[in-house]
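This report refers to the structure that appears directly beneath it.
The values are calculated or read from the model by the stated rules, or taken from the named source; none is laboratory data. What you are looking at is a predicted structure, and each value in this text was computed from that prediction instead of being measured. Counting neighbours? That spans all protein chains shown, and the Cβs are built from the backbone with ideal geometry, glycine included. Keep in mind that these areas ignore ligands, DNA and RNA; they rest on the heavy atoms of the full protein, side chains included. Shrake-Rupley method; radii C 1.70, N 1.55, O 1.52, S 1.80 Å.
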Amino acid sequence: MQDYFYQLLNYINTQMKSDEEFSAYFTGESSDFCRFNSSKVRQAGHVLQKHIRLNVNKGKRHAYYQLPLSGDLASDSSVLKDAINKLRFVIRDIAEDPYFVTTDTVSDLTEEREGSLPQINQFVPKLCHTFKNLDAVGIFTSGHIYRGFGNSKGQRNWFSSTSFNLDWSVYHDADKAVKNNFAGCSWSDDAFEAKVKSDLTRLNRLERFSERKISPGGYRVYLTPSALLEVFELLSWNAFGLKSQKTRSSALNRLVDGKQSLSPLVSFGEEMKGGTAPRFNEYGFIKPEAIPIVEKGQFCEPLVSPQSAAEYGIASNGAESGEAPESLVMQGGNLQSEEIYRKIDKGLFISNLWYLNYSDLEAARMTGMTRFATFYVENGELKEPVNVMRFDESLYRMLGANLVDLNSQSELMLSASTYGKRSTDSFSLPGALIDDFKFTL
Amino acid sequence: MRFSVIDSLKLHEMVSSYMGKVDFWSLRRVRSTENRLVNRHGVIKAPHMSINDGYMITVMSGGGLGYAASSDMSAFGVSQCVGRAKNWALLSAEYSLIDFSEAVFHRNQGVYKTDLEQEWNDIPTADKVSILKEASALLKRDHRIIDSEAYLWQVGMETDYITDQKSHIHQSIHWMNPGLRVVANDNGETERRSFGGHGVCRQGGLEVLDLVGFMQAAEQIPEEAIALTNAPGCPDESLDLVLAPDQMILQIHESIGHPLELDRILGDERNYAGRSFVSKDMFGSYQYGSDLLNITFDPTQKSELASYAYDDEGLKAEKVYLIKEGKLLAGLGGHVSQDRLGVPGVANSRAVDWNRPAIDRMANLNLEPGESSLEDMIASVERGVYMKTNQSWSIDDSRNKFQFGCEWGQMIEGGKLTHLVRKPNYRGVSSEFWHSLSAVGNQNTTDILGTPFCGKGEPNQAIFVGHASPACLFRNVQAFGGE
């Protein structure tokens, strides 16, 4: 795949006129998807896709064209030739883009993450057998992911990853279930079976105890890393980017302005090492190893795309155009895992949150639901599952004044998102013990 | 720009030559073009164009189903794709949740085409840039508007669905999403206004801009955003709500559309998008809402976003009442889900593109107009809020406990509209909320809207759906504001 992409880059280069430049971003995958419900196969198949997004510029006048690739050089070259002509035609009629920037230097980078995937023909029977006496629902995704970049200056970047992502939940009844995930580059039967075993422990509690109905109000809660992930995924929409902050559209504007702060326990940032995303972005800018976003509760740096850098006169740190993190890491605290229930004492253990959105963007106030296994805790012991509850709470309280502690151990979670293509994003987060977390419905 | 030289019938022949004996197979080829042109606060951004061309082969064999998708139309590529689909069908047969040997696939021939008056490429780029420049000038004319965006997003999709049983359906859908948004900052407060959120989407070409009042909106929304910055917050109390169509679409989408998806009721979505409070036994008897509530699946509305003649599994699409006078009659499920659950459904098995399999989706889901004028609805409210344009949406995984936030609120006091309120939000429970529907607006209050981003499925897919709705009045809903 890499050789093929580079052949196409060489072809594009031959088509450029003396006053033209190009850049090209490649995305591809060869993925198996096995969707299951009630521990049986619901819908399964394979997708092979390759796309190239070509940008041609004359000075600061430029346009983009995204095309599918067939894999046949003659055919794809012909399509690219047409695309270049179309781009030339369009560029004629538009003004210069004052925020158009290209890389100053040529930074070649190749990263290939090998892995070992289970053989599908053996894996599907194993999956169904493992879940046979359970009501399991979810999806197994497996295969190869590719990203590439090249430009007129000769920059060549390539990323490939052999990886899998098994995302599932095991249901007891109605909305009572335990959720789990196993993802990475190298499959391990032992690791998978250990996760299923942990499901059974939690499932057993759902089966043994009837639901306890709780009322709206403030509760001490522990958010597992999976639950806290939902908070950060909401923030990733718009909170961390320079453009959002400059246009007062960020949920963290009060933090950026210094009017409010988070707890000194809270430090997080973009850290490429240990993540699963490529180091180069869609414009060929290389991301630094680490970008501190918040340190000890204070705002440090935004994520800055090349376009925002040009617009606001701040150096880019290689963010994509959406200025969302791709490898977010949050530092842990002092709470030991074995102490969680005791430290909750009386409150809720929340495994997952769901469907978060802002109720007041400026106040970083967000609403959402509990989901899957949420348990009541009393006298430091895990008790019954509770009814799903809606919360409405500000980030400045939940990770600010009301944050009691963070788990000392963080958990690396690989995104299971497959909108359009398999995501390479990851989050490494601890759990959070929070006081007076407000439920409204 | 041209697509692959291989036409769909030729592709079908190629697939057929490699297929061998199976119980059933289909080819769904999708060719699409997309254009985005954005003016951000006076600066035209680089145009984005795209084409996409690929196909999905679905095979049923021995009771199993498998699919494979690719954009490689070479002989080698097609043979590989066929092999992968067959392998998955055979592999899943022993473990399949559904016995596909019992599946019945309809044999249909048909064509659908969006009525287009002004195609995207009929208008030079320079002229489209001028339209956005004019809109942008209107948006940012006040210094208190600190950010703005005017954009045009156009999509054209040609789909061919051809089966081994001689079905051939060709559909050509073209839609436009013209957008406007502003951010106003005044007196330390920031507020946002947009042109229906992302909701102003219709089938058609550039003629849609005049139909939806694009330039008029560009004039109006900055004034509204600035006015909101000086408004008090929405009160925290139980109030009557009059919801405009561009909030009704989210209310319908989240608390009627998704809960009625049959695959959700069957449990297929429980790991991701969730389940439903609706169960099989409710169809035909459950009183979903007040007797003013009439909900239709209507693929026949020519300009509505998700109009079509057949779904992506070849089922002919017709208008169906899902809820009539408040009673639940039918669900949103294609023929496979209808057979699995044993309840009536509609032709709504859809895939976002060639690289995702068809699943039960909303298409056009509408609330049928009633008899009330907007003025009469407002006059009937002693104390309430008139809310416009959704900006926040959240609901539980069974589609019951919801919360919505709107961009714009205006108090109703003593039957009259009074002052604006900021950050109007409300929350409720679906199974109770629709019983508080007290008046349904007439055709004059109705707007044809939609969303390009309805997400569900594993693997995930975000598809376009249409919603037409009048303004509606709800009694005694818990409303509240920001901090």
Original post:
Among the listed residues B:159, B:190, which satisfies the condition of being within 21 Å of residue B:409 (Cβ to Cβ) and in a strand (DSSP E or B)?
Top reply: B:190
**OP:** Return the pairs, sorted by first residue and then second, in which the second residue is assigned to a helix (DSSP H, G or I), the first residue lies in the range A:82-93 and is within 7 Å of chain B (Cβ to nearest Cβ), the beta carbons are less than 7 Å apart, and the residues are 6+ apart or on different chains.
**Re:** A:90/B:125; A:93/B:125; A:93/B:126; A:93/B:129
Subject >> Inter-residue pairs, beta-carbon under 6 Å, first under 17 Å from residue B:247 (Cβ atoms) and in the range B:454-480, second part of a strand (DSSP E or B) and acidic (Asp, Glu), 6+ apart >> reply: B:475/B:240
Original post:
Which numbered condition trips up residue A:169, out of (1) over 26 Å from the mean Cα position of the chain (by Cα); (2) in a strand (DSSP E or B)?
Top reply: (1)
Subject >> Total residues in the range B:70-104, condition within 10 Å of another protein chain (Cβ to nearest Cβ) and open to solvent by 60 Å² or more (accessible area, probe 1.4 Å) >> reply: 6
Original post:
Just one of the numbered conditions (1) within 29 Å of residue A:422 (Cα to Cα); (2) open to solvent by 30 Å² or more (accessible area, probe 1.4 Å) is not true of residue A:357; which one?
Top reply: (2)
Original post:
What number of residues within the range B:354-403 satisfy the criterion of being crowded, with 24+ Cβ neighbours inside 10 Å, of a type in the set (Val, Ile, Thr) and either outside any strand (DSSP E or B) or within 8 Å of chain A (Cβ to nearest Cβ) (or both)?
Top reply: 3
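Specify which of the listed residues (A:56, A:47, A:41, A:106) is more than 27 Å from residue B:77 (Cβ to Cβ), buried (at least 21 other Cβ atoms within 10 Å of the Cβ) and either more than 10 Å from every other protein chain (Cβ to nearest Cβ) or of a type in the set (Val, Ile, Thr) (or both). Break it down into steps so the answer makes sense when it comes.
Details: A:47 fails: more than 27 Å from residue B:77 (Cβ to Cβ); A:41 fails: more than 27 Å from residue B:77 (Cβ to Cβ); A:106 fails: buried (at least 21 other Cβ atoms within 10 Å of the Cβ).
Among A:56, A:47, A:41, A:106, only A:56 is more than 27 Å from residue B:77 (Cβ to Cβ), buried (at least 21 other Cβ atoms within 10 Å of the Cβ) and either more than 10 Å from every other protein chain (Cβ to nearest Cβ) or of a type in the set (Val, Ile, Thr) (or both).
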**OP:** List every residue pair whose Cβ atoms lie under 8 Å apart, where the two residues are 6 or more positions apart in sequence or sit on different chains, the first residue falls within the range A:278-300 and is hydroxyl-bearing (Ser, Thr, Tyr), and the second residue, located anywhere, is open to solvent by less than 50 Å² (accessible area, probe 1.4 Å) and outside any loop (DSSP other than H, G, I, E, B).
**Re:** A:283/A:23; A:283/A:25; A:283/A:149; A:283/A:306
Original post:
Is at least one residue of the range B:76-93 among the hydroxyl-bearing types (Ser, Thr, Tyr) and touching a Ser or Thr at 6+ places or on another chain (Cβ under 8 Å)?
Top reply: no
Subject >> Search result, residues across the range A:133-169 that are of a type in the set (D, E, K, R) and more than 21 Å from residue A:117 (Cα to Cα) >> reply: A:135, A:153, A:156
**OP:** Just need a number here: residues in the range B:410-443 that are under 23 Å from residue A:391 (Cβ atoms) and either touching a Cys at 6+ places or on another chain (Cβ under 6 Å) or not in a strand (DSSP E or B) (or both).
**Re:** 6
Original post:
How many residues are surrounded by fewer than 22 Cβ atoms within 10 Å (Cβ to Cβ), more than 26 Å from the chain's Cα centre (by Cα) and not β-branched (Val, Ile, Thr) when one looks only at the range B:156-186?
Top reply: 6
Subject >> Residue in the range A:347-361 that is within 11 Å of chain B (Cβ to nearest Cβ), over 24 Å from residue B:272 (Cα atoms) and of a type in the set (Asp, Glu) present >> reply: yes
Original post:
Out of the residues in the range A:418-441 that are farther than 28 Å from residue A:183 by Cβ and within 14 Å of chain B (Cβ to nearest Cβ), which is most open to solvent (accessible area, probe 1.4 Å)?
Top reply: A:438
Original post:
Does at least one position in the range A:62-78 carry a residue that is closer than 22 Å to residue A:281 by Cα and more than 10 Å from chain B (Cβ to nearest Cβ)?
Top reply: no
Original post:
Out of all the residues in the range B:32-41, is one or more in a loop (DSSP other than H, G, I, E, B), in contact (Cβ under 8 Å) with a residue 12 or more places away in the chain and either open to solvent by 10 Å² or more (accessible area, probe 1.4 Å) or among the aromatic types (Phe, Trp, Tyr) (or both)?
Top reply: yes
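Looking only at residues that are assigned to a loop (DSSP other than H, G, I, E, B) and touching a strand residue (DSSP E or B) at 6+ places or on another chain (Cβ under 9 Å) in the range B:204-234, which one is surrounded by the fewest Cβ atoms within 10 Å (Cβ to Cβ)?
Step by step, filter the range B:204-234, then rank; the result is B:232.
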**OP:** Kindly list the number of the only condition in (1) more than 10 Å from chain A (Cβ to nearest Cβ); (2) open to solvent by 10 Å² or more (accessible area, probe 1.4 Å) that fails for residue B:189.
**Re:** (1)
Original post:
Quick one: residue B:340 ticks every box in (1) surrounded by fewer than 24 Cβ atoms within 10 Å (Cβ to Cβ); (2) outside any loop (DSSP other than H, G, I, E, B); (3) more than 14 Å from chain A (Cβ to nearest Cβ) bar one, so which box is it?
Top reply: (3)
